[in-house]
Number of protein chains: 4
Amino acid sequence: MIIVMNHDATAKEIAEVVARVESKGLRANVSRGEERTLIGVVGDDRPIDGTQFEAFSGVEKTIPILKPFKLASRDMHPKDTLVSLNGMEVGGRKIAVIAGPCSVESREQILEVAQAVKEAGAIALRGGAFKPRSSPYSFQGLGEKGLELLAEAREATGLPIVTEAMSPEQVSLVTRYADVIQIGARNMQNYALLNTVGESNCTVLLKRGLMSTIEELLMSAEYILSEGNYSVIFCERGVRTFSDFSRNTLDLAIVPAVKKMSHLPILVDPSHGTGRREKVAPLSRAAAAVGADGLMIEVHHDPNRALSDGPQSITPDMFAELVQDLRQIAPVIGRRL
Amino acid sequence: MIIVMNHDATAKEIAEVVARVESKGLRANVSRGEERTLIGVVGDDRPIDGTQFEAFSGVEKTIPILKPFKLASRDMHPKDTLVSLNGMEVGGRKIAVIAGPCSVESREQILEVAQAVKEAGAIALRGGAFKPRSSPYSFQGLGEKGLELLAEAREATGLPIVTEAMSPEQVSLVTRYADVIQIGARNMQNYALLNTVGESNCTVLLKRGLMSTIEELLMSAEYILSEGNYSVIFCERGVRTFSDFSRNTLDLAIVPAVKKMSHLPILVDPSHGTGRREKVAPLSRAAAAVGADGLMIEVHHDPNRALSDGPQSITPDMFAELVQDLRQIAPVIGRRL
Amino acid sequence: MIIVMNHDATAKEIAEVVARVESKGLRANVSRGEERTLIGVVGDDRPIDGTQFEAFSGVEKTIPILKPFKLASRDMHPKDTLVSLNGMEVGGRKIAVIAGPCSVESREQILEVAQAVKEAGAIALRGGAFKPRSSPYSFQGLGEKGLELLAEAREATGLPIVTEAMSPEQVSLVTRYADVIQIGARNMQNYALLNTVGESNCTVLLKRGLMSTIEELLMSAEYILSEGNYSVIFCERGVRTFSDFSRNTLDLAIVPAVKKMSHLPILVDPSHGTGRREKVAPLSRAAAAVGADGLMIEVHHDPNRALSDGPQSITPDMFAELVQDLRQIAPVIGRRL
Amino acid sequence: MIIVMNHDATAKEIAEVVARVESKGLRANVSRGEERTLIGVVGDDRPIDGTQFEAFSGVEKTIPILKPFKLASRDMHPKDTLVSLNGMEVGGRKIAVIAGPCSVESREQILEVAQAVKEAGAIALRGGAFKPRSSPYSFQGLGEKGLELLAEAREATGLPIVTEAMSPEQVSLVTRYADVIQIGARNMQNYALLNTVGESNCTVLLKRGLMSTIEELLMSAEYILSEGNYSVIFCERGVRTFSDFSRNTLDLAIVPAVKKMSHLPILVDPSHGTGRREKVAPLSRAAAAVGADGLMIEVHHDPNRALSDGPQSITPDMFAELVQDLRQIAPVIGRRL
């Protein structure tokens, strides 16, 4: 951390800051420039909330140098983490395509979609049993019944299951059925939930929040890792901006950024990222081309009758065609599908 | 809801949309313009997720007309809701000033601050016992011990207590001690938590999320109200934007906007809204002048040693001076303090 | 346009709005719903600033239905516009790759880079002679000398030249040298400049502003088109958001959105869009995969010594490799390069 | 500037950066931490574009310490600049209220509004003769005729005139009539225009761009100051965010931030900042309470018939009442009106 003093900071103010740094067992390196005095903090200052120094008189600002995450950081763990999923490795050479409906609606629906996405090349089935909805009056998912149907679809197709838990008390139920437990964007900083899935040994798919920085995303993973669960996969699903022609703004540059800063794999969800069916295929191709470790795509056999997210769901035929495109793009970046 | 058809939508596409509208028990009013056909949906379409029509072929977009919230809406409840708090009414003529430290740190700290803010004119004491922190390595609050200290401070000063619960399972514990239970910004769409506090009969302070629209804020209140708890107070605490000279961008225009759309009271938290001590007083004055029903302000007797949020905490002296300013502003908008 | 009246709008208020609509030569279609009265405006209301009705008592809001642009709209001009550039057609099957340094710095530099990007497959040379810089103390470009060097590079390589004009009075000078005149992001709504390039017959590359909606982008094109210049190419170069790991947030979903709403071609500039060399290749691949009509990429033979934008410039070798990748992606979307 | 090297930067990489720093006549202070090597640049590095070092191999990032502006900075000019306007001093004790219609529409209109705002307490008259409009089909202002009418209104009322120029060639015309020349938000980084008004000796009202950081705003002032014109007044008028209940998000925290970083005065424009008549008064009060040096407010005698910005214009009666409120708030912050 660098502590930048005000233009006119006094010797006494500087001394007080230095004393506080040293009281934390760190070393303070004072450097007097022509216009500003800087205090460099030497040692591992991660456990310290640096902004506390901004409360000191004479301090202009503090600038963190070390990233606050350790377990999620590539600095500490240079090799890519490969997360096993039903025999394949997410983060490896093969691009992982996960597909399925937004919500599980009925046995017929989930079995039909599961079969279709499997045939097209999906390696896992997504489907919500517990649905976070902004309105209390909207369809909230089938709950445990939905989980049972997902398990039935797994048995029928062999596809592992990705499904969401919305609160700590749902975790043990959901992990009884799921192969991958999803933390939704709205819950990215639901720390009680992060701790609970961290204590489980279920693979976690952690979606980026609508307004989360990359550092916050990695810190949320740190919550899970620090509980001992190292099977974490990130998922970019769009952020909220002023831009209004898509539901969210898909921030694909986070893929190379995460790959540089962390060893954990990252998927892209172009369905939520765009919110519009006709944009799912183009942005899926873009996500593969940018180097994502996989995709998560909403597929529904009858989107007009979907109970949620119909406008962003593609049909099984569109999905099969899209997978063909992705197969052609994969080798360009040294991957396959 | 208005359903806007594409430029070249066919009669068959229009008919299919109309049929679906009518299948929901609503009426469809087709209006053929020169360049676009519009389908007006007549009746209460709130329980319907309008975007489902965007999945239909030939549909350009849907435009909601009715707001999706009912219980939180001023349309349905034109009179201001007054929320009782220890004898005063939040939302009434008196501006409610809530103050206290970010976190409860020790008996001495909380008692000293509580006494000071009471003397200066605060009507309630804030203080965190469970703290949401972006890093798992940061101080997470004293937990139940913190709640006990808050209760002790209430006994000593008579000030009611505002404190946060971060997960459904904390609610019963927190409401045993708190007069007002706070839902933090990161949890504004933690629906399990909203449902749980909705089932309690404790007053809820619902903070706006960093990325939440006004409609989402009101929908989150709707979750609480629809469980039978009508004692809800909103709190604006800044949104995240590109703007980088303050921690968040305090969006004061939400105060008149909420007053117009809802009957529930709204406070402003200039401490989180700005993140910098020297901006707390100016933005507090602005919040009072814009018509907020109250303020929530972080006060610490020794901000340099605060375990969290030191840079945005003001001292008891600064707080006392600020309350004097607010007292002068209140009458301008027909209020007092 | 739909005019939504307040919940409690009176008959008199409604009548006044209707009278004003009719005074504009349009028809008003009043539809009384259960909770809201809507007034549909029938006819071409584009020339009318709809928000003026929001100034009327009893009006809740107005909702535009028709897009305000005509000449730039695909509704009015369903076929793709192909913009000729030195024998090729931008917007056609071939992906147009434009490359070159941020600024023209010297004869050696521009000739070396021009030769290199030509060999790698670029179809035009970019290079700034007039540079918009946020600081008055930064290098502002070589001015006319830079234009002369660009012309020399064109002669040497046969590549047409893309370069920026920053003010109306520069237009005649710049168009004497340039094949394509660039309007920078900061000038997207510099209407005097738009009018001036609209009066020229030079092809215009119109970069999206940092904060511009798609509608504003198309309206800025409308300024140019309405002066009689139909050779307009859009360029997405990232928008400003809270996201801080790249210089801007590249909003690739605008590519299919523009293709749907307009007939004009659109390029992507991943150099400004990311601001970091190591992200240029991944985002370039993504831009091709999403369906962009071309790319504009900053290439410098010695980025460490570039006078501007060094950190986002790639070397000729990196560029040549990238073009190879793009060649493989192009057929996936039915294109070539 | 601090240059942060990568975790695994080599000695050679460090030496190359140091050599480049020294080649610029600056000193490099290398500090080897446990996890990162930092290179502090000692001396005035403002003229150097720091990001150029990010193009070097082994560099993680650069962190500027000195602000890039000098003339606009309070560091260099600790005393408040007072800008004279018709006998009063903007930036002094008196809050400067500027009011008038969005556009000059007719002699009757401008004279009537001018008279009304003068009586209510305005110290200057605003009114647009050249109007930047996002649509080429919207009313673009009366041009020189509008300037003549403004001059007539000045003669009739004694109020100085604030009006906009949109391009460098308009500046000499506009300054013939105007007392204060306005640079609109869309032109905040129109450098040719900034240079031209910098060369004039007319007071400049510089509006913050929709997506501009505080540093960019101060740098735009630096363009004007560096041409020798020191009469610059800032104006906050809202930024663009995801927040959708007001036209823009008024970012009032910029007022204390500008006061801290610069010596120049700053006004607030709550009309554009909110876009809705009913929010103008509350946000005006907030702007005064936050410490703005003045306000700029759109007033129209018949907003329903305004040719532009009707929905955000208040009537003369509303304005007069608002000024009364502001008079009561002023003393709270040691000012008057």
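Got a number for residues in region D:90-112 being outside any loop (DSSP other than H, G, I, E, B) and under 30 Å from C:S134 (Cβ atoms)? Lay out the reasoning, then the answer.
Keep residues of region D:90-112 that are outside any loop (DSSP other than H, G, I, E, B), which gives D:90, D:94, D:96-100, D:103, D:107-112.
Subset that is under 30 Å from C:S134 (Cβ atoms): D:90, D:96, D:98.
Within region D:90-112, residues that are outside any loop (DSSP other than H, G, I, E, B) and under 30 Å from C:S134 (Cβ atoms) number 3.
Of everything in region A:289-307, what is facing another protein chain (nearest Cβ under 7 Å) and under 22 Å from A:T249 (Cβ atoms)? Give them in sequence order.
First pass over region A:289-307, keeping only residues facing another protein chain (nearest Cβ under 7 Å): A:289-291, A:303-304, A:306.
Across region A:289-307, the qualifying residues are A:A289, A:V290, A:G291.
For region C:308-318, enumerate the residues that are more than 9 Å from every other protein chain (Cβ to nearest Cβ) and either among the charged types (D, E, K, R) or under 19 Å from C:V268 (Cβ atoms) (or both).
We begin by selecting, within region C:308-318, every residue more than 9 Å from every other protein chain (Cβ to nearest Cβ); these are C:314-318.
Once the filter is applied, which keeps residues that are more than 9 Å from every other protein chain (Cβ to nearest Cβ) and either among the charged types (D, E, K, R) or under 19 Å from C:V268 (Cβ atoms) (or both), region C:308-318 yields C:I314, C:D317, C:M318.
Return the only residue of C:Q182, C:Q170 being in a helix (DSSP H, G or I), in contact with a strand residue (DSSP E or B) (Cβ under 9 Å, 6 or more places away or on another chain), of a type outside the set (A, V, I, L, M) and free of Cβ contacts under 8 Å to residues at least 60 places away in the same chain. Talk me through it step by step, then tell me what you get.
Values: C:Q182 fails: in a helix (DSSP H, G or I).
Step by step, each of C:Q182, C:Q170 is checked, and only C:Q170 is in a helix (DSSP H, G or I), in contact with a strand residue (DSSP E or B) (Cβ under 9 Å, 6 or more places away or on another chain), of a type outside the set (A, V, I, L, M) and free of Cβ contacts under 8 Å to residues at least 60 places away in the same chain.
Every residue in region D:47-82 that is within 7 Å of another protein chain (Cβ to nearest Cβ) and either closer than 22 Å to A:A9 by Cβ or assigned to a loop (DSSP other than H, G, I, E, B) (or both), please. Spell out the reasoning first.
Taking region D:47-82 as the starting set, the residues that turn out to be within 7 Å of another protein chain (Cβ to nearest Cβ) are D:47, D:49, D:51-52, D:54-56, D:63, D:65-66, D:68, D:75.
Listed by number, the residues that qualify are D:P47, D:D49, D:F56, D:I63, D:I65, D:L66, D:P68, D:D75.
Tell me, which residue of region D:40-59 that is acidic (D, E) and surrounded by 17 or more Cβ atoms within 10 Å (Cβ to Cβ) is nearest to A:G40 (Cα to Cα)?
Let us first name the residues in region D:40-59 that are acidic (D, E), namely D:44-45, D:49, D:54.
Filter again for surrounded by 17 or more Cβ atoms within 10 Å (Cβ to Cβ), leaving D:45, D:49, D:54.
Details: D:D45: 19, D:D49: 23, D:E54: 21 Å.
Result: D:D45.
Can you tell me which residue within region B:242-259, out of those that are surrounded by fewer than 23 Cβ atoms within 10 Å (Cβ to Cβ) and more than 7 Å from chain D (Cβ to nearest Cβ), is modelled with the lowest pLDDT?
B:R247
Among the numbered criteria (1) more than 21 Å from A:H263 (Cβ to Cβ); (2) within 14 Å of chain B (Cβ to nearest Cβ); (3) modelled with pLDDT of 95 or more; (4) crowded, with 22+ Cβ neighbours inside 10 Å, which one does A:K131 miss?
Looking at each condition in turn, A:K131 falls short on (3).
With respect to B:D269, is the statement that it is touching a Cys at 6+ places or on another chain (Cβ under 6 Å) and either of a type outside the set (V, I, T) or more than 19 Å from B:V90 (Cβ to Cβ) (or both) true?
yes
Limited to region A:171-197, what total is found for residues that are closer than 21 Å to A:E298 by Cβ and within 12 Å of chain B (Cβ to nearest Cβ)?
The first filter runs over region A:171-197 and keeps only residues closer than 21 Å to A:E298 by Cβ, leaving A:174, A:177-188.
Then keep just the ones that are within 12 Å of chain B (Cβ to nearest Cβ); that gives A:183-188.
Of the residues in that region, 6 qualify.
Could you please tell me which pairs satisfy a Cβ distance under 7 Å, a separation of 6+ or placement on different chains, a first residue in region A:26-42 that is in a strand (DSSP E or B), and a second residue that is surrounded by fewer than 20 Cβ atoms within 10 Å (Cβ to Cβ) and among the charged types (D, E, K, R)?
From residues that are in a strand (DSSP E or B), the pairs are A:A28/A:E22; A:V42/A:R27.
Any idea which of C:L159, C:L173, C:L142 is at negative phi, crowded, with 24+ Cβ neighbours inside 10 Å and either assigned by TED's automatic domain parsing to the domain that holds C:G87 or modelled with pLDDT under 95 (or both)?
Numbers: C:L173 fails: crowded, with 24+ Cβ neighbours inside 10 Å; C:L142 fails: crowded, with 24+ Cβ neighbours inside 10 Å.
Step by step, each of C:L159, C:L173, C:L142 is checked, and only C:L159 is at negative phi, crowded, with 24+ Cβ neighbours inside 10 Å and either assigned by TED's automatic domain parsing to the domain that holds C:G87 or modelled with pLDDT under 95 (or both).
Can you tell me which residue among D:G228, D:G238 is surrounded by fewer than 24 Cβ atoms within 10 Å (Cβ to Cβ) and in contact (Cβ under 8 Å) with a residue 24 or more places away in the chain? Show your work before the answer.
Details: D:G238 fails: surrounded by fewer than 24 Cβ atoms within 10 Å (Cβ to Cβ).
Sole residue among the options that is surrounded by fewer than 24 Cβ atoms within 10 Å (Cβ to Cβ) and in contact (Cβ under 8 Å) with a residue 24 or more places away in the chain: D:G228.
Among the residues of region D:199-224, write down those that are surrounded by fewer than 23 Cβ atoms within 10 Å (Cβ to Cβ), facing chain C (nearest Cβ under 10 Å) and outside any loop (DSSP other than H, G, I, E, B).
Selection gives D:E215, D:E216.
Return the total of residues in region B:324-337 being within 8 Å of another protein chain (Cβ to nearest Cβ) and among the aliphatic types (A, V, I, L, M). Walk me through it before giving the result.
Going residue by residue through region B:324-337, those that are within 8 Å of another protein chain (Cβ to nearest Cβ) are B:325, B:328-329, B:331-333.
The next check asks that each one be among the aliphatic types (A, V, I, L, M); those that pass are B:329, B:332-333.
Summing the residues that are within 8 Å of another protein chain (Cβ to nearest Cβ) and among the aliphatic types (A, V, I, L, M) in region B:324-337 gives 3.
Looking at (1) more than 22 Å from the chain's Cα centre (by Cα); (2) closer than 30 Å to C:Y137 by Cα; (3) away from chain D (no Cβ under 13 Å), which is the one condition that is false for C:E321?
Unmet for C:E321, out of (1) more than 22 Å from the chain's Cα centre (by Cα); (2) closer than 30 Å to C:Y137 by Cα; (3) away from chain D (no Cβ under 13 Å): (2).
Look through C:V268, C:V239 and report the one residue that is more than 22 Å from C:L125 (Cα to Cα), in the same structural domain as C:I95 (by TED's automatic domain parsing), modelled with pLDDT of 95 or more and under 13 Å from the mean Cα position of the chain (by Cα).
That would be C:V239, the only listed residue that is more than 22 Å from C:L125 (Cα to Cα), in the same structural domain as C:I95 (by TED's automatic domain parsing), modelled with pLDDT of 95 or more and under 13 Å from the mean Cα position of the chain (by Cα).
Condition test on A:A165, is it among the hydrophobic types (A, V, I, L, M, F, W, C), within 20 Å of A:R237 (Cα to Cα), touching a residue at least 12 places away in the same chain (Cβ under 8 Å) and buried (at least 23 other Cβ atoms within 10 Å of the Cβ)? Walk me through it before giving the result.
Working: among the hydrophobic types (A, V, I, L, M, F, W, C): yes; within 20 Å of A:R237 (Cα to Cα): yes; touching a residue at least 12 places away in the same chain (Cβ under 8 Å): yes; buried (at least 23 other Cβ atoms within 10 Å of the Cβ): yes.
Answer is yes for this residue.
Let me spell it out: the conditions are (1) of a type outside the set (A, V, I, L, M); (2) crowded, with 21+ Cβ neighbours inside 10 Å; (3) modelled with pLDDT under 95, and A:S103 meets all of them except one. Which number is the exception?
Failing condition for A:S103: (3).
Are there any pairs with C-beta distances below 7 angstrom linking a residue in region A:301-316 that is more than 16 Å from A:A281 (Cα to Cα) to a residue that is part of a helix (DSSP H, G or I) and basic (K, R), with the two at least 6 apart or on different chains, and if so which?
So the pair list comes out empty.
Which numbered condition in (1) over 20 Å from B:G127 (Cβ atoms); (2) surrounded by 23 or more Cβ atoms within 10 Å (Cβ to Cβ) is the only one that B:N195 fails?
Failed condition: (2).
Inside region D:273-288, can you point out the residues that are more than 7 Å from chain B (Cβ to nearest Cβ) and over 24 Å from D:T81 (Cβ atoms)?
If the condition is that a residue be more than 7 Å from chain B (Cβ to nearest Cβ) and over 24 Å from D:T81 (Cβ atoms), then D:G275, D:R276, D:R277, D:V280, D:A281 are the ones that fit.
Does region A:120-128 contain any residue that is more than 20 Å from the chain's Cα centre (by Cα) and assigned by TED's automatic domain parsing to the domain that holds A:H263?
Within region A:120-128, the first condition is being more than 20 Å from the chain's Cα centre (by Cα), and the residues that meet it are A:120-121.
Filter once more, keeping what is assigned by TED's automatic domain parsing to the domain that holds A:H263: A:120-121.
Yes, region A:120-128 contains a residue that is more than 20 Å from the chain's Cα centre (by Cα) and assigned by TED's automatic domain parsing to the domain that holds A:H263.
The values are calculated or read from the model by the stated rules, or taken from the named source; none is laboratory data. No experiment lies behind these values; they were computed from the predicted model shown. We place every Cβ from the backbone using ideal geometry, glycine too, and count neighbours over all the protein chains shown.
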